[in-house]
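Chemist: Encoded as structure tokens, here's the structure I'll be asking about.
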Amino acid sequence: MGLWRIRTAVEDRPGGLAGVVDLLAGQNADIVQLTIHTDVTGAVDEFVVDLPGDHTGAVEALSEHCPSGAVSAVPAHRREVGDELTRALLLAGRLRAHPNRLPEALAELLRADEAAWTNLTRADQEEGLDPATCMLVPVGPLRGVLLRRPSHPFTWTESSRADALVRLVMPAAGPVPTERIVRTVSGRGLSLRQVHEGDADELRALHRRCSPDTLRGRYFAGVRDLAPWMLRIFSDPDRGLTLAVRPQGGEAPVALGHLMYTPDPGVGEIAFLVEDAWQGRGVGTALTRALTVAAADWGLAEVRAETTLSNTAMLRTMRRFGASVQSQGGTHVHARLPVAETVQAGMGADRSRGRGARLMDGG
């Protein structure tokens, strides 16, 4: 018997995981640990299995079953088997006493083969790096930790875990504010404020100023007014965060941005409603950046947006941030955006323009 750490993409449908488990059972594999990751291919499940003899048969069977055909297997050690949350907490406790050992802690957290400090100001510091097997974790504006793991690619979930561990050793900055000023690429200031039930009249007026096509692109139905139950959801912090967007110095909101919880661990859902007269001015881009930063503060690995093929503005905005877009059949599509990578890319762009890392802008 030997322990193996096997990763495989799993179809996002009822019974998807059961099919993988049945295949492993057919190989006489004893599953001793299961971890679910989010990645560009969708759900990626990591099994630690005790297998009799060689692992080749299990890998071949999973490769035939896996939607993408990508299955990785590396030897596992008994000391690695255990609760992932407990292991992360122990690493965090160790870093409180020795924050300079961050590379060592990140390597242990992600089971990387190499981890070392690197200078983010070097122009060539990312050249020649394989984005699948190398991960650059920024630690402040000047330096970061470069991780390498040739055996199997890093996932979005692992990127989010690394970012969370880094924030434990950084000076406390408090939560991302829900009321602040952001700017579009043209320099226009936008005021973001969390929605409350007292905003009902302004939000109803916003919906009435939107065209039927704009409302249909947001709600996928013929909504014409803001129903009371919709306002209750928008203003309920247990459901997520809804921001009203106002021109700086203005009173009436011109857009809404939503970051809502989902049943999937580590995944949030974003959506926008932008008044017709304000479309094409960078509002959606600024909201995407701001809500992704909030998602990072919540510890999410991914944000998703569901829209239609006709909503070209939303799709263009999501692709600009590096989202993967997949058709769901018919006219609907899902856009999936990795949180940690997007926020880190935005921080780098802000530094290159000489602005603060918390500045949100849009194109």
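Chemist: Give me the angle, in degrees from 0 to 90, between the Cα long axis of helix 56-65 and the longest principal axis of the Cα atoms of the chain, rounded to the nearest 10.
Modeler: Computed tilt is about 30 degrees.
Chemist: Taking 0.36 nm per intervening residue step and subtracting the Cα-Cα distance, what contour gain separates Asp30 from Arg167 on full extension? Let's see the in-between values first.
Modeler: Working: separation 137, 0.36 × 137 = 49.32 nm, distance 3.63 nm.
Stretched fully, the Asp30-Arg167 segment lengthens by 45.7 nm.
Chemist: Kindly provide the trypsin sites (Lys or Arg not before Pro) of the stretch 205-251 that DSSP labels as loop, not H, G, I, E or B, and whose Cβ sees at most 16 other Cβ atoms within 10 Å. Walk me through the numbers before you get to the answer.
Modeler: Working: sites: Arg208, Arg209, Arg216, Arg218, Arg224, Arg232, Arg239; in loops: Arg224, Arg239.
Passing sites in the stretch 205-251 are Arg224, Arg239.
Chemist: Still on this structure, I have one more. Find the relative contact order for the stretch 1-129 and round it to a whole percent, using C-alpha pairs within less than 8 Å whose residues are 6+ positions apart. Numbers along the way, then the final one.
Modeler: Values: 164 pairs, mean separation 34.0, N = 129.
After rounding, I find 26 percent.
Chemist: When the dipole is taken about the Cα centre of the chain, and only Lys, Arg (+1) and Asp, Glu (-1) are charged at their Cβ, what size is it in debye, to the nearest 20?
Modeler: Details: 40 positive and 44 negative charges, 310 e Å.
Taking the Cα centre of the chain as origin, the dipole is about 1480 debye.
Chemist: First measure r as the distance between the Cβ atoms of Arg180 and Arg209, then evaluate 1/(1 + (r/R0)^6) with R0 = 30 Å and state the FRET efficiency to the nearest 0.05. Before the final figure, lay out each step's value.
Modeler: On the way: r = 24 Å, r/R0 = 0.81.
Computed FRET efficiency for Arg180 and Arg209 comes out at 0.80.
Chemist: Can you find, among Trp278, Thr242, Leu337, the residue farthest towards the positive end of the dipole of the chain? Put +1 on the C-beta of Lys and Arg, -1 on that of Asp and Glu.
Modeler: It is Trp278, whose Cα lies furthest towards the positive end.
Chemist: Okay, next question. With axes computed from alpha carbons, what is the tilt in degrees of helix 156-169 against the longest principal axis of the chain, rounded to the nearest 10 within 0 to 90?
Modeler: The helix 156-169 is inclined about 80 degrees to the chain.
Chemist: Which of Pro153, Gln328, Met230 sits closest to the plus end of the dipole of the chain, meaning its Cα is farthest towards the positive end, when Lys and Arg get +1 and Asp and Glu get -1 on the C-beta?
Modeler: Met230
Chemist: Is the shape of the stretch 18-82 rounded, prolate or oblate, going by the alpha carbon gyration tensor and its root eigenvalues a ≥ b ≥ c, with a/c under 1.5 for rounded and a/b larger than b/c for prolate? Don't jump to the answer; show the numbers that get you there.
Modeler: Working: a/c = 1.69, a/b = 1.15, b/c = 1.47.
In terms of gyration-tensor shape, oblate.
Chemist: Output ³J(HN,Hα) for the stretch 139-154: one whole-Hz value per residue in order, computed from phi by the Karplus curve 6.51 cos²θ - 1.76 cosθ + 1.60 with θ = phi - 60°, and x for Gly and Pro.
Modeler: 10, x, x, 10, 9, x, 10, 9, 10, 10, 8, x, 5, 7, x, 6
Chemist: Among the GluC sites (Glu not before Pro) in the stretch 2-79, which ones are in a DSSP loop with at most 16 other Cβ atoms within 10 Å of the Cβ? Mind listing them? Before the final figure, lay out each step's value.
Modeler: On the way: sites: Glu11, Glu46, Glu60, Glu64; in loops: Glu11.
Hits after loop and neighbour filter: Glu11.
Chemist: Add -39500 (n - 2.57) for each DSSP H run of 4 or more in the chain, then divide by its residues: what number comes out at 222 nm, to the nearest 500 deg cm²/dmol?
Modeler: -10000 deg cm²/dmol
Chemist: Another question about this same structure. Please state the charge dipole magnitude for the stretch 1-105, taken about the Cα centre, from unit charges on C-beta atoms (+1 on K and R, -1 on D and E), reported in debye and rounded to the nearest 20. Display every interim value, and only then the final one.
Modeler: Details: 9 positive and 15 negative charges, 136 e Å.
In total the dipole reaches around 660 debye.
Chemist: Helix 339-352 versus the longest principal axis of the chain: what angle, 0 to 90°, nearest 10, using Cα atoms?
Modeler: The two axes meet at around 60 degrees.
Chemist: Using +1 on the beta carbon of Lys and Arg, -1 on that of Asp and Glu, and nothing else charged, what's the dipole of the stretch 215-358 about the Cα centre, debye to 20? Can you show the working numbers first?
Modeler: Working: 17 positive and 13 negative charges, 103 e Å.
Dipole magnitude for the stretch 215-358 comes out near 500 debye.
Chemist: Hey, can you rank 101-113, 260-272 by average C-beta count inside 10 Å, highest first? Walk me through the intermediate numbers first.
Modeler: Details: 101-113: 19.0, 260-272: 17.3.
Ranking, from highest mean packing down: 101-113, 260-272.
Chemist: Same structure again: Once both labels are modelled 7 Å past Cα along the beta-carbon direction, what's the Trp117-Trp229 spacing in nm?
Modeler: If labels sit at Trp117 and Trp229, their model points lie 5.7 nm apart.
Chemist: Just Gly330, Gly198, Gly57 to compare: in a GNM of the chain, with alpha carbon springs under 10 Å, which one fluctuates most?
Modeler: Judging by the Gaussian network model, the answer is Gly330.
Chemist: Relative to the present Cα-Cα distance, how much length would full extension add between Asp276 and Arg239 at 0.36 nm per residue of separation?
Modeler: Working: separation 37, 0.36 × 37 = 13.32 nm, distance 2.67 nm.
Roughly 10.6 nm would be gained on extension.
Chemist: Sticking with this structure for a sec: Round to a whole number: what % of the accessible area of the chain belongs to carbon and sulfur, probe 1.4 Å? Please list the in-between numbers first.
Modeler: Numbers: 9160 of 17540 Å².
Carbon plus sulfur share of accessible area: 52 percent.
Chemist: Another one. Would any residue of the stretch 8-43 have its amide N under 13 Å from a label point 7 Å out along Cα→Cβ of Asp50? List them or say none.
Modeler: 29-33
The values are calculated or read from the model by the stated rules, or taken from the named source; none is laboratory data. Remember, it's a predicted structure, so these values are computed and weren't measured experimentally. Don't worry about glycine lacking a Cβ; one is built from the backbone with ideal geometry, like all the others, and counts go over all protein chains shown. Areas reflect the complete protein model, heavy atoms only, side chains present, ligands, DNA and RNA absent. Shrake-Rupley method; radii C 1.70, N 1.55, O 1.52, S 1.80 Å.
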